[in-house]
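Take a look at the structure below.
The values are calculated or read from the model by the stated rules, or taken from the named source; none is laboratory data. Everything quoted here is computed from the prediction, not taken from an experiment. As a convention, Cβ positions derive from the backbone with ideal geometry for all residues, glycine included, and neighbour counts pool all protein chains shown.
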Amino acid sequence: MFDNVTKLLTSCTCGKKHSLLTDECVVDNNCETAMKQYIAGRGFASPVIVCDENTEKFTANVTAQFEAKVVTVSGHAHATEVYTAQVNEFIDSVKPDVLIACGSGSVHDITRYCAFEKKIPFISYPTAASVDGFVSGVAAMTWYGQKLTFESAPPIAVFASPAVFCTAPERLTASGVGDVFGKYTSLFDWKIGKILTGEYYCEEIAGLEVDAMNDLTEVMLHRDAYTAEDYTTKVMNALLLSGLAMQLAGNSRPASGAEHHMSHLWEMARINEDTDALHGEKVAVGLMAVLRTYKKYLANVDLDAIRAINVEKVMDRAYLAPVYGELTDGILRENMPDGTPASSSLSKIRIDDADATLAAIREAAQDLPDADELEKLLKIAGATLTSAEVGLPADEAFVEKTLTYAPYVRNRLSLLKVIKAAQLCAE
Ligand SMILES: [Zn+2]
Ligand SMILES: [Zn+2]
């Protein structure tokens, strides 16, 4: 496990008692040996490895260490009801006591879902540094064609081999880099939540993620000096750290802000055709759009306009329905959990001391990177930067529409939500 993470388990300056559901995290070329010891130590006797056709070849690294049955979901697995049924059937016939996810995001989602349903623990053996969700407790599924997220459990342990994940297609690693740098705006939004609504915030957790991003920035600036293995290891470490940060915080706040909300809106295909872009690719595009919007706004913060936000006007069906269509009821429920505008995150904004609020926002803004510099880093990684690159409309109006409506996919406060709500109420 990462020492800087376990340090927070004993005590933290935020006063919260942090805990982790994932108790082992090994990134090492001998991680399969560590997995063998872990499995033996826990007394597991009948492991089953879940993989897809692309990642099946890596199961041999594991079965060279200990006996395990393998179930290969066909094709380039998407986390659908078809593949979970296939894995569940295998589980019913073999009766394993632990599952091992050998693959990237989708294989993990399938395994996570089945493990939770069958009440079996699972271990993560990621084959690409593509996403920070390996240690997450949420399974992102496509259920009868609809994108849904299901509560499930995170892996009890992660064993990641650089020799394995460094061979993943570059596109996957580039997507992982997008997901990592997306934390710049996630963390900023978290801090805005603290400043404007007094939301819980942990400086130490945020610090861990900032360190990981700084580390990855250094790597990017000297990318040529790193071997594929060293480079992808840095990306994987940052991704795992981000996943663990969510466990420490008890929710996805440290790793998901306005940039992820944009990605979620595109996944809902309300204002666009479905795109098969990877998670981190969409996050990178959202990140750049959000960062540029923030930079512009932060040069001229208008607290009076924020004070003038009329939540009823924002939480108006007539305003949201043209974009959200038949999903509008769900969006209104999400943003007003008790059915009234008072339960919207926007209603929790309190500005008692304007000078202090402004100073705090300005201080937080210093942690945001320069947009052009960040774009340079993303380019080095080969990450996507524009909506067109992820198969979405290329025009500015499309991006603007996303910026305007995406904040309502979640009740979570982001600066983007504040900006757009203030704009609407000033009209
Ligand atoms: Zn803390
Ligand atoms: Zn993400």
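Points worth noting:
- Only residues that are surrounded by 24 or more Cβ atoms within 10 Å (Cβ to Cβ) and either of a type in the set (Lys, Arg) or without any contact (Cβ under 8 Å) to a residue 40 or more places away in the chain (or both) were counted in segment 177-221, giving 1.
- Count of segment 339-369 residues which are more than 22 Å from the chain's Cα centre (by Cα) and either within 24 Å of residue 230 (Cα to Cα) or part of a loop (DSSP other than H, G, I, E, B) (or both): 9
- Helices (runs of 4 or more DSSP H) enclosed by segment 2-88 - at least 3 residues per element that are over 27 Å from the mean Cα position of the chain (by Cα): 31-41, 59-63
- Residue within segment 192-205 that is farther than 30 Å from residue 326 by Cα, more than 13 Å from ligand 2 (Cβ to nearest atom), part of a helix (DSSP H, G or I) and in contact with a Pro (Cβ under 8 Å, 6 or more places away or on another chain) present: yes
- Number of the exception - residue 246 against (1) over 22 Å from residue 128 (Cα atoms); (2) touching a Ser or Thr at 6+ places or on another chain (Cβ under 6 Å): (1)
Per-residue answers, yes or no, for (1) modelled with pLDDT under 95; (2) closer than 19 Å to residue 35 by Cβ; (3) β-branched (Val, Ile, Thr):
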residue: 82; (1), (2), (3): yes, no, yes
residue: 90; (1), (2), (3): no, no, no
residue: 93; (1), (2), (3): no, no, no
residue: 101; (1), (2), (3): no, yes, no
residue: 104; (1), (2), (3): yes, yes, no
residue: 115; (1), (2), (3): no, yes, no
residue: 120; (1), (2), (3): no, yes, yes
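- Meets criteria (of a type outside the set (Phe, Trp, Tyr) and in a strand (DSSP E or B)) for residue 187: no
- Taking segment 298-338 as the region of interest, the helices (runs of 4 or more DSSP H) fully inside it that hold 3 or more residues being aliphatic (A, V, I, L, M) and modelled with pLDDT of 95 or more are 303-307, 317-324.
- Scan of segment 303-343 for residues that are within 29 Å of residue 354 (Cβ to Cβ) and of a type in the set (Gly, Ala, Ser), ordered by number: 305, 308, 342, 343
- Search result, residues across segment 255-285 that are in contact with a Lys or Arg (Cβ under 7 Å, 6 or more places away or on another chain) and under 15 Å from residue 193 (Cβ atoms): 255, 261
- Residue 251 fulfils the conditions (1) free of Cβ contacts under 8 Å to residues at least 60 places away in the same chain; (2) part of a helix (DSSP H, G or I) except for a single criterion, (2).
- When 5, 71, 50 are screened for being modelled with pLDDT under 95 and either away from ligand 1 (no atom under 16 Å from the Cβ) or surrounded by 19 or more Cβ atoms within 10 Å (Cβ to Cβ) (or both), only 5 passes.
- The residue pairs whose first member lies in segment 306-317 and is assigned by TED's automatic domain parsing to the domain that holds residue 343, whose second member is in a loop (DSSP other than H, G, I, E, B) and small (Gly, Ala, Ser), and whose beta carbons are closer than 8 Å, counting only pairs six or more residues apart or on different chains, are 311/344; 314/344; 315/344.
- Residues (among the small types (Gly, Ala, Ser) and within 10 Å of ligand 2 (Cβ to nearest atom)) located in segment 258-281: 263, 280
- Complete set of residues in segment 222-243 that are more than 11 Å from the chain's Cα centre (by Cα) and buried (at least 24 other Cβ atoms within 10 Å of the Cβ): 232, 235, 236, 238, 241
- Yes/no for residue 170 being surrounded by fewer than 18 Cβ atoms within 10 Å (Cβ to Cβ) and away from ligand 1 (no atom under 16 Å from the Cβ): yes
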